[in-house]
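No value in this document is a laboratory result; all are computed from the given coordinates. All values derive from a computational prediction rather than experimental measurement. As a convention, Cβ positions derive from the backbone with ideal geometry for all residues, glycine included, and neighbour counts pool all protein chains shown.
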Amino acid sequence: MYYSYNDFLGDLKELRAKIEEKISVPDAIVCIARGGMVMSHMLALAWNLRAVYTLNAISYSDCNVQSSLIIENMPHIRGEYQKILVVDEIVDSGKSLEVIMQKFRSAHPEKSFYSAVIFQKPTAKVYADFYLKHAVEWIDFFWEVDMLEKKS
């Protein structure tokens, strides 16, 4: 299924409203690269946040099959930030999100960490704190396909 920019924009506005309703505006955003990059950028602009962190969680091979989980560049969250939103585009198996949230909560037990995604697979072992839609098929996000050269 192709997920367009227009669908994304509408969904991100809806997700933003859900987050604001429950926790107000977070103090910082952690982007799970690469899927959460567009989301974190746009949410940071909407909330006028400069505290945007990035980490790498690599769990897919080129064949769209889950492989071993590699997490790199875990950020150290500065002391004044208490409500931190971790964003990604989808929770698939839930393995990445579970490990990342555990690492943050262990490293910073005094802070509140929340997770937000647009798509949640109903079969995942964990659910994001905020999500909009259940994913029932493979999703081709616009940022994954629109900039690729089309071959004739």
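Worth a mention:
- Simple Cβ-charge dipole of region 2-145, Lys/Arg +1 and Asp/Glu -1, about Cα centre, in debye nearest 20: 440
- Calculated SAXS-style log₁₀ I(q)/I(0) at q = 0.11, 0.16, 0.17, 0.20 Å⁻¹ - the chain, Debye, Cα scatterers: -0.41, -0.88, -1.00, -1.39
- Residue exposure sequence - Glu110, Glu21 - by fewest surrounding Cβ within 10 Å: Glu110, Glu21
- The alpha carbon convex hull volume per residue for region 16-102 rounds to 103 Å³.
- Of the residues Gly79, Ile90, Trp138, the one whose Cα sits farthest towards the positive end of the charge dipole of the chain is Gly79 (charges of +1 on Lys and Arg Cβ, -1 on Asp and Glu Cβ, taken about the Cα centre).
- Degrees, to the nearest 10: 37-47 long Cα axis against longest axis of the chain: 50
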